[in-house]
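Every read-out reported here was derived from the displayed coordinates using simple, explicitly stated rules and does not represent laboratory data. Source: prediction; values computed, not measured. All Cβ positions, even for glycine, are placed from backbone atoms using ideal geometry, and neighbour counts span all protein chains on display.
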């Protein structure tokens, strides 16, 4: 079930039922935010690193959630846009020495713009062919990164991407340490989450859900499904590009392996595992599937085997991922006496 | 110059045959299960590993290793077929994509975990070069072309004359009707899957001697090469798949020679995307199944 | 009321548990006296074999040192980090070793692309990065007086290698026309770049130029092109795993024994030669070290390695073994595990390695000889050891 | 102006390869009229509907809505105008969403000027949605679905789903509604309720209807005029009584 439905139901219920107990959702949410803000005080550098990676992956996952969870389009292209974003940022930083915020915005803008000509032919295809086409973007993206050597340095990758640097008038500072980067990524992730929230709660979000539920019916009530799909495809690409930019600036290197199926699979697991069509599920998913595996230093093979079994379980046993669980938790917090 | 072109075409036919043997299995699986099998290349890898294991650990001769490789693949396919593939009959396309993606991750990484991720040396096969019409080819490559032809003719005969083949064709055309006239769809799906996976395994074993190196990640590359082939060939269309495989094999070979080796692996998907933009349903009709 | 209490309690409880579990992740630098040595190498992925050899070499050295009482009474413990052979994972592994395992020194990586990406990370953290197996010259162009003061390299560079190979091919074999078939990485590309730099000196030219991806299996098209191009030798700077494949396919297209391979891609190992004896006959290779190298220390290492692991060591096993010993000597000379002091000791060290004395120049680059060999009658024959002073770009 | 028919279709053709599914049909619907469209299975009724509403592109002919030529417009272009809406035989609701959401979605595109404005988060957008919700609640009450309004639409019975769909189509206050077998697959007890709703919409909201229906009783009670299609051509036209008496129509049904 979608969040919108649940939320609406709750507002209705609120007016209907006399409230005697306290709704603990807001205090709990504030506690979580507070915890996130003070995390560096009691977390070591390494757990912070794991959370940073998880928050970076949250951006493309949010994008994929808009596309898959809300609009119902299964796309494997997130890794391609993630890579384009990373390279855009890295190239700007290395060649022109532009500041971080410019590279970051440019990454989002460029990937969104590239998604337009790619989306127009791809979105005309149906299910399987669309999936293949998006997979093609990843493979061709990698080939371009590998072979356009004069621009990308090929397999050698681009190294020594400068750390984010901000200057406001006379004051300037460089985000170099893990803690500094943590706050930067946390702020960006929070803004991105807010943006997604606003999109899905807007009338357009409702239209996206209508398209997911039944495209022809959506057309028949006047929703220009084609335009919406294209716009959402571009937004989701832009999110992936922003994530890629952060990734490049955090790790200070990019290589053609940024374009790989593994990243698309990871993003799929985050979205489907956390619960497609819910925002809290995607946040939970990225912390669990990326943050925790990174923190526990699970060997890559074991991690992928676990991902594989998890995908099967998602398809056959719990198609909504952790969403029902999270939903129950929220209503547990909200429940009155 | 002309000689080189012909030689490259022959090279292309060899790799085309390899792709064809893998891709027909994948396309038949699509026909019956309506699911793109993202794990298909992994069965190719499993076949190779089975044969490598037989040769490296037990010193068995290559022909025995072929049998072991194919049988091992088929046995794994029985397990996967029972637990995964039968369940995605009739499920939406996305479920098939995700489930087979999961299977691919499990198979590939289990093999890497067990045998290590590095390259292994495959020592079996018939690698002595022979000369035909002035071309030198390893005997193994001639074997690949011959097996490719046998598989093609065999499949054509099977779907036309055998009971199982006819049932497969029926299921691929209309799944609801089959259930009505008493064809056990899930049974057919399982056997089609085992046949397809077995063929992929066979292709792997046959290719190993000329590719020399065996490693856990090799299946993914094959999956990525076969996906465009089966879509261009018209999903579920065996003849179309054969033609598409040959076209891709030859195109790759020519690109490697005249454009650059580094661009070869992109040919498949680049062609696919051009084709999809021009004809969204592939080069060959998907209606003419089997 | 009870329900509400328990719910509130639950919230606070969760927060506390979270605090507790997370804070346990941040442990302080260990003071138990061991020397923590991080080893970044490809432990998984296509180059996992290199990582395995590197780790065995390093661990064997650590064992030897610990058996002899450690360095200044401290034991060495080797902590592996998996780079998967990719820059991104390499940086991740390096950070993990520095932040989480709190290592004092890092040895790594094999692949030049990865090492180049690791340099700024080690520099930021002020952790000594001692490279033992990457050959791209840029690594030490940028080190020492070039900038990164924490990067050292105990391995000869490609510039050296390219020159030696080309010189031998031109002067002893009389080759002037070459085809290039190298791996598409920093290593393969840089080696060709430096080869090109010295081509005019030997009045030679490159006729065809191709780069292959790691994991490539079909070289027939390219080899046929090379056959028709009229090249006299194939310059190949690649990884060991491709050598048997290239060799076999050279036999197939009929150039084995006619156009030899020159460069570096483990042409000299028994397994490569066994895979395609005809193609590798006459191959010329410049290596930092090879098992057949004739010095007492080298022979003893090979024997001990085989006794320990039941397999002959490769180049990577040797260089990592030697580098751990080198580092131990530096620590001993510094009489401290203080990083700054160890770094200073390294800069002035005179270390007797199996291939000769090691000293570092002002770019933190070890002065090391390159061993040149040719495969004759199925066995590597050593043609001499060459070394050259590097001209750093001003 | 009011003399003009609300929908005027002339010479509509649709071919699939060599097959002519619709072959030169002329049809009009007058203002305020409930017009029936019947014919045996495979006579081209649904294809005709698809061509008129933009789901399929007609091969030839012209469709005029309210005097405006809308031939070749896409389904959402036509629907977004809010003048002519259509229903479907099988799929009728957004099944995961509750009734109110279904209705709000059905009304959204007519109150927001352009796609970009739907991404709006300001007061204007919120007020628009609030107004939609208000109207949705009214319609839910009229349709008698108030008690089940928070249930996912897909969980409700076929008849209730038809009512939801019907209510959805009234959200933008259309002038003409095309119904594709509104009575198919619903409980006979509910038929009366759906018929009443159609009549109510016709009389109090002034909506015209074109209805494909197999249930001849429903057609007779609702429609003043009935058009019969057979093999893609118009076979007959007239009052329900005339049609029932028509020899050609009887043969077509018996023969088909």
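Just a few scattered comments:
- Sequence-separation-based contact order of chain A, relative, with Cα cut under 8 Å and 6+ spacing, percent: 34
- Extension gain, residue B:157-residue B:263: 0.36 nm per intervening residue step, less the Cα-Cα distance, totals 34.4 nm.
- Relative to the dominant Cα principal axis of chain C, helix C:48-67 is inclined by about 60°.
- Sorted by Cβ density within 10 Å, fewest first, the residues A:133, D:223: D:223, A:133
- Per-selection Rg to Rh, segment B:147-233 - Cα, Kirkwood hydrodynamic radius: 1.05
- Estimated FRET transfer efficiency (residue D:250, residue D:74; beta-carbon r; R0 45 Å; 0.05): 0.70
- The orientation-averaged shadow of the Cα convex hull for segment A:211-311, equal to a quarter of the hull surface, comes to 8.0 nm².
- Cα centroid separation, segment C:81-120 to segment B:57-119: 33 Å.
- The protein assembly as shown: radius of gyration and largest Cα-Cα distance (Dmax), Å: 35.0, 116
- Rounded is the label for segment C:159-287. Its Cα gyration tensor axes, ordered a ≥ b ≥ c, give a/c under 1.5.
- When the P(r) is computed for segment C:304-394, the part past 18 Å accounts for 59% of the Cα-Cα pairs.
- Paramagnetic label zone (point 7 Å from Cα along Cα-to-C-beta, residue B:4; backbone N under 13 Å) in segment C:219-248: C:221-231
- Square roots of 5 times each gyration tensor eigenvalue, C-alpha, segment D:1-150, largest first, Å: 33, 18, 16
- Cβ-derived FRET efficiency at R0 51 Å, residue A:95 paired with residue C:270, nearest 0.05: 0.65
- For segment C:155-234 versus segment A:254-268, the gap between their alpha-carbon centres in whole angstrom: 32
- Taking the longest Cα principal axis of chain C as reference, the axis of helix C:112-125 is set at about 30 degrees.
- With Cα atoms, 0 to 90° folded angle of helix D:99-111 axis to chain D main axis: 80
- Shown for segment A:212-252 is the translational diffusion coefficient from the Stokes-Einstein equation, using the Kirkwood radius over Cα pairs, a temperature of 4 °C and a viscosity of 1.567 mPa s: 107 µm²/s.
- Label zone at residue D:241, where the point sits 7 Å out along the Cα-to-Cβ direction: segment D:18-44 residues whose backbone N lies under 19 Å: D:34-36
- Pair residue A:116, residue C:173: separation of 7 Å Cα→Cβ label points (nm): 5.5
- In this structure, residue A:309 and residue D:117 have a Cβ-Cβ separation that, at R0 = 51 Å, corresponds to a calculated FRET efficiency of about 0.70.
- Relative contact order [Cα under 8 Å, 6+ residues apart], segment C:159-287, whole percent: 27
- Inter-label distance, residue A:23 to residue C:229: 7.2 nm, where each label sits 7 Å from its Cα along the C-beta direction.
- Paired Rg and Dmax values of segment B:2-278, which use every Cα atom, in angstrom: 18.3, 58
- Between residue D:200 and residue C:300, the simple spin-label model (points 7 angstrom out along Cα→Cβ) gives 10.1 nm.
- For the pair segment C:288-325 and segment D:135-206, the centres of their Cα atoms are 84 angstrom apart.
- Exposure proxy ranking for D:13, A:37, based on other Cβ atoms within 10 angstrom of each Cβ and starting from the fewest, stands as A:37, D:13.
- For segment C:28-85, the relative contact order works out to 52 percent when only alpha carbon pairs closer than 8 Å and six or more residues apart are counted.
- Chain lengthening between residue C:206 and residue C:379 when straightened (0.36 nm per residue, less Cα-Cα): 59.5 nm
- Sequence of A:62, C:350, A:165 once ranked by neighbouring C-beta atoms within 10 Å, starting from the fewest: C:350, A:165, A:62
- Cα convex hull volume per residue for chain C (Å³): 170
- Rg to Rh, two decimals, where segment B:180-290 supplies the alpha carbon set and Rh follows Kirkwood: 1.03
- The smallest convex shape that holds all Cα atoms of segment D:7-255, its convex hull, gives 132 Å³ per residue.
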